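Read the structure below first, then the notes.
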Amino acid sequence: MSNLTKQTVLSIYHWTDTLFSFTCMRDPGFRFNSGQFTMVGLDINEKPLLRAYSLASANYETNLEFLSIKVPDGPLTSRLQNLRVGDLVYIGKKTTGTLVVDNLLPGKTLWLLSTGTGLAPFMSIIKDPDIYNRYEKIILTHTCRFADELAYQKYITVHLPNHEYIGELIRNQLIYFPTVTREPFKNRGRITDLIKTGELFERLSLPSFSVDNDRIMLCGSPRMLCDTRKLLNDIGFIEYGNSASGHYVVEKAFLG
Ligand code: A2P
C-alpha cells in the first residue's frame, strides 16, 4: 500500500521571488501533531520526488498549508513553485518531527525561535489552543534577511488576534517579534545577538532565559541552530534527546 496520497492544490501565494506557500486538500485520514512535518512531492520522470515539509496549518484545519523557498535549480522547489490551482501534489501519510510540546519539560514561557522557512511549524503551533493551556506566554520570533521575507506577518498581527475561536488566546498570550538583519526595520539583528546582549528580553519586558521557566523550540538555518544550541547549553539548558524530555528542541528548516 502506498505511503502517499495525492491532494489537489487549492491556492498558491508568492511572498517574494524566493519564497512561496501553498494550500492543498487534506485526506480525511490525515492526522498530525502541531509542529510536525510530512513528505511533499511531485512526479518527476514518472517517479515521486519528495522532500520533508513542516505543516504550517493547524491540526484542526480543513486544508493543509506549506511554506517553501524556491531553490534555483532545486529539483523539487523549481517545479513546486509553478504549481497551479487544481494540480495534484503527493502528501505523505506519516508525520513526524521533534518540535512537539510533549518533548519539552513543563515550563511557564514557550519561545519559538525561527529563521526563514523555519517559521512554518510554528504557524501550526501558535494556532493550537492546547499550547495556550500549557504555557502562560508564547513568544514567536522570526528572523529574515529582508522585511518582505517575514511571511505571515499580517496574518499573525491582524488576522489571528481577531480569530473567532483562538483570537482571545492570541491577544492575551502570544507575543510576535519579527527581526530583520540586512535592511532597516523596527527590530534589527540576529536572534543570537539579541539574546546575548539581552536586547530581546528588554524589548519584550521579560526576564532572560531561565532553566526553571523557559522552554524553547528552534527551527531555521543550520548555522543559527548551531549558535543558539551553544548559547543555550552554556546557560545549562538540556536538549531533548533519546526520548527524554528537555528544556529545548531543535529542527532544521528543510531545503528543497
Ligand atoms: P544574516 O543576514 O546576518 O546572515 P539565511 O537566509 O541565510 O537562511 O538566514 C536567515 C536569517 O538567519 C538571516 O536573517 C540571517 O542573518 C540569520 N542567520 C544566519 N546565520 C545565523 C546565525 N549563525 N545565528 C543567528 N542568525 C543567523
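The values are calculated or read from the model by the stated rules, or taken from the named source; none is laboratory data. The shown structure was predicted, so the numbers you read here are calculated from the model rather than taken from an experiment. A quick note on method: Cβ atoms are made from the backbone with ideal geometry, for glycine too, and the neighbour counts reach across all protein chains shown. Accessible surface areas use protein heavy atoms only, side chains included; no ligands, DNA or RNA. Shrake-Rupley method; radii C 1.70, N 1.55, O 1.52, S 1.80 Å.
To the nearest 10, the accessible area of ASP193 is 70 Å² with a 1.4 Å probe. Taking amide H as placed 1.01 Å from N in the peptide plane, LEU42 has its amide H under 5 Å from the amide H of LEU49, TYR90, each at least 5 places away in sequence or on another chain. The trypsin sites (Lys or Arg not before Pro) found in the stretch 108-160 that occupy coil by DSSP, while having at most 16 further C-beta atoms within 10 Å, are LYS108, ARG145. Overall, the accessible surface of the stretch 105-199 at a probe of 1.4 angstrom is composed of carbon and sulfur to the extent of 48 percent.
The ellipsoid equivalent to the alpha-carbon distribution of the chain has semi-axes of 30, 20, 18 angstrom, derived from the gyration tensor eigenvalues as √(5λ) and listed largest first. For the stretch 198-256, the square roots of the Cα gyration tensor eigenvalues, ordered a ≥ b ≥ c, give a/c of at least 1.5 with a/b no greater than b/c, which places it in the oblate category.
What residue among THR98, THR157, THR115 has the largest mean-square fluctuation in a Gaussian network model of the chain, using Cα springs under 10 Å? Per the Cα network of the chain with a 10 Å cutoff, THR157 tops the list. Here the 3J(HN,Hα) profile of the stretch 134-139, calculated from phi with Karplus coefficients 6.51, -1.76 and 1.60 at θ = phi - 60°, is 7, 10, 6, 10, 10, 10 Hz, Gly and Pro shown as x.
The mean sequence separation of alpha-carbon pairs under 8 Å and at least six residues apart, normalised by the residue count of the chain, gives a relative contact order of 21 percent.
Computed from the alpha carbon atoms alone, the convex hull of the stretch 101-250 holds 105 Å³ per residue. When the chain is treated as a Gaussian network with alpha carbon springs shorter than 10 Å, the biggest mean-square fluctuation among SER208, SER54, SER34 belongs to SER208.
Residues LEU105, LEU140 ordered from highest to lowest accessible area at a 1.4 Å probe: LEU105, LEU140.
Heavy-atom accessible surface of ARG182, to the nearest 10 Å², is about 140 Å², with a 1.4 Å probe and all protein chains retained. Average accessible surface for the chain: 48 Å² per residue, computed with a 1.4 Å probe over protein heavy atoms with every protein chain in place. Using a ≥ b ≥ c from the Cα gyration tensor of the stretch 1-74 (square roots of the eigenvalues), is it rounded, prolate or oblate, where a/c under 1.5 gives rounded and otherwise the larger of a/b and b/c decides, a/b for prolate? Judged from the Cα gyration tensor, the stretch 1-74 comes out oblate (a/c at least 1.5, b/c at or above a/b).
Given their separation in residues at 0.36 nm each and the Cα-Cα distance between them, VAL71 and LYS186 gain 38.6 nm when the chain is fully extended. On average over all directions, what projected area in square nanometres does the stretch 1-126 have, based on the convex hull of its Cα atoms? Result: 8.5 nm². Computed from Cα positions, the angle between helix 222-234 and the longest principal axis of the chain comes to roughly 30 degrees. Under a Gaussian network description of the chain, with springs only between Cα atoms under 10 Å, the residue in ALA58, ALA120, ALA147 that fluctuates furthest is ALA147. In loop segments of the stretch 21-116 as defined by DSSP, the chymotrypsin sites (Phe, Trp or Tyr not before Pro) with at most 13 further C-beta atoms inside 10 Å of their C-beta are TYR60. Between LYS196 and LYS154, the FRET efficiency estimated from the beta carbon spacing at R0 = 25 angstrom works out to 0.25. Sparsely packed loop sites in the stretch 136-193 (the chymotrypsin sites (Phe, Trp or Tyr not before Pro) outside DSSP H, G, I, E and B with at most 15 other Cβ atoms within 10 Å) comprise PHE146, TYR165, PHE185.
Structural descriptor for the stretch 101-250: relative contact order 32 percent, calculated from alpha carbon pairs under 8 angstrom and at least 6 residues apart. For ALA244 and CYS226, the difference between the fully extended length at 0.36 nm per residue and the C-alpha to C-alpha distance is 4.4 nm. What is the calculated FRET efficiency for THR16 to LEU88, with r their C-beta to C-beta distance and R₀ = 30 Å, to the nearest 0.05? The value I calculate is 0.70.
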